[in-house]
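Student: Before I ask anything, let me first share the structure, which is written out below as structure tokens.
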Amino acid sequence: DSGVTQTPKHLITATGQRVTLRCSPRSGDLSVYWYQQSLDQGLQFLIQYYNGEERAKGNILERFSAQQFPDLHSELNLSSLELGDSALYFCASSPSDRVATEAFFGQGTRLTVV
Amino acid sequence: GENVEQHPSTLSVQEGDSAVIKCTYSDSASNYFPWYKQELGKRPQLIIDIRSNVGEKKDQRIAVTLNKTAKHFSLHITETQPEDSAVYFCAAGGNTPLVFGKGTRLSVIA
């Protein structure tokens, strides 16, 4: 157990819908990262938050957004869903905003868009 | 930004043989290079990491080497066992979030 909690584990929804994925980081970790894992693209970095503020942005679509709350949990919002958004979404956390340390991954949320 | 290339994409070895996975990176500012192992349906887990001030690091059957001049680093697994079968990811980062390679699917044949 990494200490990073993601909910839900599985999500099935229809095209055009909106979903919210939730992540609770390890106790004491201030940074939260979101990654998308699809079969042919490996682990793609989406966005990083540090202590409530957006710190870095990767290949995140405009239909996707995220935030980190005062209690440090984070939510990833995916809207106007398309079939191609089906993937495993991982959250990771680390103590610092500079990733010179291990990033701990949650178990992931498997999103299926039908 | 950082770009990480990983080879090979698949690797099959006989039990007891060694396995080598290689990665290259593009950003000379990267100073942290972890390797993650991901078993089917599970989360990526760190197996070993190396920082830019070190050329080699070993942990039992696993070793990682780093060549900063050439911007490449490698994972070496000796005496492979069936439980080593998984997907392995290299990554590079430091002052920026980790960028991952596309993974290597390692199969250890008993």
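The values are calculated or read from the model by the stated rules, or taken from the named source; none is laboratory data. Remember, it's a predicted structure, so these values are computed and weren't measured experimentally. Cβ sites come from the backbone with ideal geometry, for glycine too, and all protein chains shown count toward neighbours. The accessibility values were calculated without ligands, DNA or RNA, using every heavy atom of the protein model including side chains. Shrake-Rupley method; radii C 1.70, N 1.55, O 1.52, S 1.80 Å.
Student: Taking the condition of being among the polar types (S, T, N, Q), within 13 Å of B:Gly93 (Cβ to Cβ) and more than 7 Å from chain A (Cβ to nearest Cβ), how many residues in the range B:31-60 meet it?
Tutor: Qualifying residue count, the range B:31-60: 1.
Student: I would also like to ask the following. Is one or more of the residues making up the range A:58-67 touching a residue at least 40 places away in the same chain (Cβ under 8 Å) and either on the phi < 0 side of the Ramachandran plot or over 14 Å from the mean Cα position of the chain (by Cα) (or both)? Break it down stepwise before answering.
Tutor: Of the residues in the range A:58-67, the ones touching a residue at least 40 places away in the same chain (Cβ under 8 Å) are none.
For the range A:58-67, residues touching a residue at least 40 places away in the same chain (Cβ under 8 Å) and either on the phi < 0 side of the Ramachandran plot or over 14 Å from the mean Cα position of the chain (by Cα) (or both): absent.
Student: Open to solvent by less than 20 Å² (accessible area, probe 1.4 Å), within 13 Å of chain B (Cβ to nearest Cβ) and under 14 Å from the mean Cα position of the chain (by Cα) - does that describe any residue in the range A:2-18?
Tutor: Residues of the range A:2-18 that are open to solvent by less than 20 Å² (accessible area, probe 1.4 Å), as a first pass: A:2, A:4, A:6.
If we keep only those that are within 13 Å of chain B (Cβ to nearest Cβ) as well, we get A:2, A:4, A:6.
Going one step further and asking which of them are under 14 Å from the mean Cα position of the chain (by Cα), we end up with A:4, A:6.
Yes - at least one qualifying residue is present in the range A:2-18.
Student: Still on this structure, I have one more. If you check B:Asp49, B:Asp84, which single one turns out to be closer than 25 Å to A:Thr109 by Cα and either touching a residue at least 24 places away in the same chain (Cβ under 8 Å) or touching a Phe, Trp or Tyr at 6+ places or on another chain (Cβ under 7 Å) (or both)?
Tutor: B:Asp84
Student: Next question. Test A:Phe104 against the stated conditions and say whether it is aromatic (Phe, Trp, Tyr), within 11 Å of another protein chain (Cβ to nearest Cβ) and open to solvent by 30 Å² or more (accessible area, probe 1.4 Å).
Tutor: Yes; evaluated as a whole, the condition is true for this residue.
Student: Tell me, yes or no, whether the range B:53-76 has at least one residue that is open to solvent by 70 Å² or more (accessible area, probe 1.4 Å), touching a residue at least 24 places away in the same chain (Cβ under 8 Å), of a type outside the set (Phe, Trp, Tyr) and under 15 Å from B:Val108 (Cα atoms).
Tutor: no
Student: Looking at the range A:75-99, which of its residues are open to solvent by 10 Å² or more (accessible area, probe 1.4 Å) and assigned to a loop (DSSP other than H, G, I, E, B)?
Tutor: A:Ser79, A:Ser80, A:Glu82, A:Ser86, A:Pro95, A:Ser96, A:Asp97, A:Arg98
Student: Next question. For the condition of a type outside the set (Lys, Arg), without any contact (Cβ under 8 Å) to a residue 60 or more places away in the chain, under 20 Å from B:Pro34 (Cβ atoms) and crowded, with 18+ Cβ neighbours inside 10 Å, what is the one hit in A:Leu46, A:Leu72?
Tutor: None of the others qualify; the one that does is A:Leu46.
Student: Additional query: Mind checking which residues of the range A:45-59 are under 21 Å from A:Ser80 (Cα atoms) and at pLDDT below 95?
Tutor: Scanning the range A:45-59 gives A:Phe45, A:Lys57, A:Gly58, A:Asn59.
Student: Could you check how many residues of the range B:88-110 are facing chain A (nearest Cβ under 8 Å), open to solvent by less than 60 Å² (accessible area, probe 1.4 Å) and farther than 16 Å from A:Ser93 by Cα?
Tutor: Number of matching residues: 3.
Student: Could you pull out the residue among A:Gly16, A:Gly28 that is outside any strand (DSSP E or B), farther than 24 Å from B:Gly101 by Cβ and touching a Leu at 6+ places or on another chain (Cβ under 7 Å)?
Tutor: A:Gly16
Student: Test each condition in (1) more than 17 Å from B:Arg105 (Cα to Cα); (2) open to solvent by 80 Å² or more (accessible area, probe 1.4 Å); (3) at pLDDT below 95 for B:Leu40 and report the one that comes out false.
Tutor: All conditions are met except number (1).
Student: Still on this model: State all residues of the range A:1-33 that are within 14 Å of A:Ala103 (Cα to Cα) and among the polar types (S, T, N, Q); if no residue qualifies, say none.
Tutor: If the condition is that a residue be within 14 Å of A:Ala103 (Cα to Cα) and among the polar types (S, T, N, Q), then A:Ser2, A:Thr5, A:Ser24, A:Ser27, A:Ser31 are the ones that fit.
Student: For the structure I just gave you, tell me whether B:Val108 is assigned to a strand (DSSP E or B), more than 10 Å from the chain's Cα centre (by Cα), under 21 Å from B:Val13 (Cβ atoms) and of a type outside the set (Gly, Ala, Ser).
Tutor: So B:Val108 passes the test.
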